[in-house]
Amino acid sequence: AGPSASSGNPPPQEPGLGELLEEFSRTQYRAKDCSGTGGSKVERIEKRCLELFGRDYCYSVIQNVNGDICGHYPQHIVFLEYESSEKEKDTFQSTVQVSKLQDLVNRSKTARCRGRFVCPVILFKGKHICRSATLAGWGELYGRTGYNYIFSGGADDAWADSEDITEEDCALRSSDTHLFDKVRGYDIKLLRYLSVKYICDLMVENKKVKFGMNVTSSEKVDKAQRYADFTLLSIPYPGCEFFKEYKDRDYMAEGLIFNWKQDYVDAPLSIPDFLTSSLNIDWSQYQSWDLVQQTQNYLKLLLSIINSDDDSGLLVHCISGWDRTPLFISLLRLSLWADGLIHTSLKPAEILYLTVAYDWFLFGHMLVDRLSKGEEIFFFCFNFLI
């Protein structure tokens, strides 16, 4: 028999924050690499997240084993269904058809940058708060759907080079003018299945341009107005490169103002009036706000949306969905927890573990790369709360 607690050996410890941060700072999470020694550590982290979610919620799991759906999403994607007590868990019955949800996910994943589909991550008052990347432009879309003759292949984190061709030109070349309608149609079906009405876009661009071509798009500039039935909010927020300035100022975010006059910045702030009337914020001054003011005001906006009487969900995204997006998802999770509204049984160390592990690490934030470049948006997230 093995050693027991009574013989003086302590019981196995749950994976701690130190172990998590060590793994996080060592490598970027990739679902397909979850094997070997590193894989066993990641499995412990994922198992711990499932246990923490299960304290307060009944949930189903969207299977993403080996990253078959998305390489930088968790292998076991949690779909929170409702709050529950321990007694209720024995009688849990799914409120959704998980097979239908999985099918929608599979069909819609090519609609968004890097396959990072609309994914529910927080449940509040029955509303799903979701995250994703922005819409894929023609380049990535066709590259991911078999039109590889248009591009050279590239690494997962690089954009393929190409000449400047419009989406319309590409559709003609592909002999499939309906591909955008098809994949974005599935994206819209997934949004509706999750009852999402509000889409908050953090991009400072209307479209991301690389090598002279539009590699990504966004709902706010969809020419066919496919997303007209949703409430679209353009709330431009500086990307991870800006956080190099934050580090260089000895981590002083007060007084640090983004340069809105840069050539690539072309997405103005745009929020429907009915969402701002109660906030007492002069949104016309957003370009004069420092990083702290901007983060505070955007967080107030997101919290007001999800605290409204509306029973609709919310999607938050930037370009790739692994820097600015986890910043605001993490701040939302921690703020709602601090107010006693979600994850009510979790202690401070547990909610901290959950948001670092699930919202940042398992959704592909490239901490190693960001640290090497000094783009410390991850540190800002938690320093901001002090």
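Within segment 230-272, the set of residues being without any contact (Cβ under 8 Å) to a residue 12 or more places away in the chain and either within 21 Å of the chain's Cα centre (by Cα) or at negative phi (or both) comprises E245, R249, M252, N259, K261, Q262, D263. Of the residues that make up segment 309-331, is at least one over 10 Å from the mean Cα position of the chain (by Cα), assigned to a helix (DSSP H, G or I) and surrounded by fewer than 24 Cβ atoms within 10 Å (Cβ to Cβ)? Checked against the condition, which is being over 10 Å from the mean Cα position of the chain (by Cα), assigned to a helix (DSSP H, G or I) and surrounded by fewer than 24 Cβ atoms within 10 Å (Cβ to Cβ), segment 309-331 yields at least one hit. If you go through segment 237-245 one residue at a time, do you hit one that is under 27 Å from K127 (Cα atoms) and modelled with pLDDT of 95 or more? Looking for residues that are under 27 Å from K127 (Cα atoms) and modelled with pLDDT of 95 or more, one finds at least one in segment 237-245, hence yes. Scanning segment 61-81 for residues that are open to solvent by 40 Å² or more (accessible area, probe 1.4 Å) and within 20 Å of A111 (Cα to Cα) yields a total of 2. Just the residues that are within 27 Å of K347 (Cα to Cα) and surrounded by fewer than 15 Cβ atoms within 10 Å (Cβ to Cβ), please, taken from segment 22-37. Listed by number, the residues that qualify are E22, S25, R26.
With respect to being open to solvent by less than 30 Å² (accessible area, probe 1.4 Å), in contact with a Pro (Cβ under 9 Å, 6 or more places away or on another chain) and within 24 Å of P120 (Cα to Cα), T355 fits the description. Taking the criterion of being in a loop (DSSP other than H, G, I, E, B), open to solvent by less than 30 Å² (accessible area, probe 1.4 Å) and more than 26 Å from R249 (Cβ to Cβ), the residues of segment 259-293 that qualify are I271, T276. So is I342 modelled with pLDDT of 95 or more, outside any helix (DSSP H, G or I) and touching a Leu at 6+ places or on another chain (Cβ under 8 Å) or not? The answer is yes for I342. Going through (1) in a helix (DSSP H, G or I); (2) at pLDDT below 50 one by one, D176 falls short only on (1). With respect to the conditions (1) open to solvent by 10 Å² or more (accessible area, probe 1.4 Å); (2) assigned to a helix (DSSP H, G or I); (3) over 18 Å from L275 (Cα atoms), I386 falls short on a single one, namely (2). Tell me which residues, restricted to segment 361-374, are part of a loop (DSSP other than H, G, I, E, B) and open to solvent by 20 Å² or more (accessible area, probe 1.4 Å). Across segment 361-374, the qualifying residue is only M366.
Restricting segment 298-308 to residues that are within 16 Å of P272 (Cβ to Cβ) and either acidic (D, E) or more than 15 Å from the chain's Cα centre (by Cα) (or both), which is surrounded by the most Cβ atoms within 10 Å (Cβ to Cβ)? Spell out how you get there, then give the answer.
Taking segment 298-308 as the starting set, the residues that turn out to be within 16 Å of P272 (Cβ to Cβ) are 298, 300-302, 304-306, 308.
Those still in the list that are either acidic (D, E) or more than 15 Å from the chain's Cα centre (by Cα) (or both) too: 298, 300-301, 304-306, 308.
Working: Y298: 25, K300: 15, L301: 18, S304: 13, I305: 21, I306: 20, S308: 15.
Ranking the candidates gives Y298 first.
Taken over segment 247-270, residues that are within 24 Å of S284 (Cα to Cα) and out of contact with any strand residue (DSSP E or B) (no Cβ under 9 Å at 6 or more places or on another chain) amount to 13.
Once segment 184-222 is narrowed to residues that are open to solvent by 50 Å² or more (accessible area, probe 1.4 Å) and touching a strand residue (DSSP E or B) at 6+ places or on another chain (Cβ under 6 Å), the residue that is modelled with the highest pLDDT is K197.
The values are calculated or read from the model by the stated rules, or taken from the named source; none is laboratory data. Keep in mind the model is a prediction, meaning the values are calculated, not measured. Don't worry about glycine lacking a Cβ; one is built from the backbone with ideal geometry, like all the others, and counts go over all protein chains shown. Each accessible area value is taken on the protein alone, full model and side chains, heavy atoms only, with ligands, DNA and RNA left out. Shrake-Rupley method; radii C 1.70, N 1.55, O 1.52, S 1.80 Å.
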